[in-house]
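To start, the structure itself, in structure tokens.
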Amino acid sequence: MAKYSTFSLACVLLYLNDVATAASINSYNGLGLTPQMGWDNWNAFACEVNEELLLGTSEKIVQLGLRDLGYKYVILDDCWSSGRAANGSLVADSKKFPNGMKHVADELHGKDLLFGMYSSAGEYTCGGYPGSLDHEDADATSFASWDVDYLKYDNCFNRGQFGTPETSFKRYKAMSDALNKTGRPIFYSLCNWGQDLTSYWGSAISNSWRISGDITASFDRPDSRCPCDEDDYDCKLPGFHCSIMNILGKAAPMGQNAGPGGWNDLDCLEVGVGSLTDDEEVAHFSMWSIVKSPLVIGADVNKLDSTSYSVYANPAVIAINQDPAGVPATRIWRKQVPQVDGNGKGEIQLWSGPLDNGDQVVALLNGASIPMTMTAKVDDIFIDSDEVSVSSWIAYDLWANRLANSTASSIVQGGSLDYSKYYNATELPYASGLAKNDSRLLGQPVANVSIKSPLSAYVPAHGVALYRLKKA
Ligand code: GLA
């Protein structure tokens, strides 16, 4: 011991800590090695749920090729139950689900999809239906007996059992243990809105955790119903009606605690919900992908228009989200955009992150309300790497191969898919496609990038330019 000074011991510990951060975290139950993908009814249908909606939607998910792009979980949100039976077990509303939940699971499994369920770590769910607090074992047993594959677990009516990480952890761990006891692999998705620093303890007991109050289909509108901003790490009043930029800001410092097995959940996607512009939808989907949020479609897929569909159906962007290394991209810098004729409000940001095969993903995000030429220097993009001065890269534009609108239109209208061009992750998982440099996952090469030649793009208002950098 005398050999080492306190200083050098501290350095070793710091180094080990760095190594631990760089290595992947472990999945507590073996699930969620990449972020979950699927569909959830809440954003488009709220409480209007029934068997027909789930099964009809699942057919459309298959026809649109979304299942084969990886959107496998069909998640039934709140308002599905009619109460508890005399023996205490949860009962599905027989008007909404006349054939019961096991039937829904069987039908979904028959289509090679997975079934997601919802409950709350409270006395009631947010919609006022029975919650699972103090019923964890019984309810987990019911979910397993229905062959459920996924549980979204909410935070309403929690009898005040929050306020410290310990109280929240304990309440959510009870269901984690109960699910494990069933012996059925059930993906566990926490929905406690980031309260009590979830991202610091979520991975020990779950596969994903929400980091904010509920999303709304707005790019950046401030709303007092979403009172916590991105500097409020220990947000006690997460609220709802949170904009895309608000939630993204909250994700910026949280990447370090996510990785294979456990993910920061930025909430379901608003692509195809409300009236976001196409550029906003592209930016929203791109940013959720690169920070490794779950990609859960929030739209009514039966009414998707061709542009929103072609956002959800871009395998080159999904491949970033499903990258085997599972490292969330980091925000490198942010700059306020000065007012231009009263229109230039907002900020521009550079995000960058390493990928499994030595590639790098880079997003030039224009959060301002005017188009901007943005430039990213190589030593900013590779801020964590020391090879910058010697290497050069080819930048692949990940939106360049977006489905042509005529093709997307014909598919959303029921036309069939040309699988020779369309990516099928059921047959060729993203990890294998990436290992083979499948061109459908790369976009188009558009620029050479080096210390002498920075990455530059004209980025639309509320838009993004998204690249995969490969060593030249
Ligand atoms: C909360 C959750 C939402 C949704 C609703 C259902 O608000 O955060 O995602 O599940 O409850 O009532």
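General remarks:
- Test: residue in the range 323-337 that is outside any loop (DSSP other than H, G, I, E, B), farther than 14 Å from Leu269 by Cα and out of contact with any helix residue (DSSP H, G or I) (no Cβ under 9 Å at 6 or more places or on another chain): yes
- Annotation note: of Ser212, Ser206, Ser243, the sole residue that is closer than 25 Å to Ala174 by Cα, away from the ligand (no atom under 14 Å from the Cβ) and polar (S, T, N, Q) is Ser206.
- Filtered residues of the range 146-181 (kept if in contact with a Lys or Arg (Cβ under 7 Å, 6 or more places away or on another chain) and at negative phi): Trp146, Asn158, Gln161
- Selection within the range 395-436 - at positive phi and in contact with a helix residue (DSSP H, G or I) (Cβ under 6 Å, 6 or more places away or on another chain): none
- Lys152 being basic (Lys, Arg) and buried (at least 20 other Cβ atoms within 10 Å of the Cβ): yes
- Gly298 falls short on exactly one of the conditions (1) touching a residue at least 60 places away in the same chain (Cβ under 8 Å); (2) under 13 Å from Ser218 (Cα atoms), and that condition is (2).
Each reported figure results from applying straightforward, stated rules to the coordinates on display, with no laboratory input. Not measured: the values here are computed from a predicted model. Neighbour counts are summed over all protein chains in view; Cβ atoms, including those assigned to glycine, are modelled from backbone coordinates with ideal geometry.
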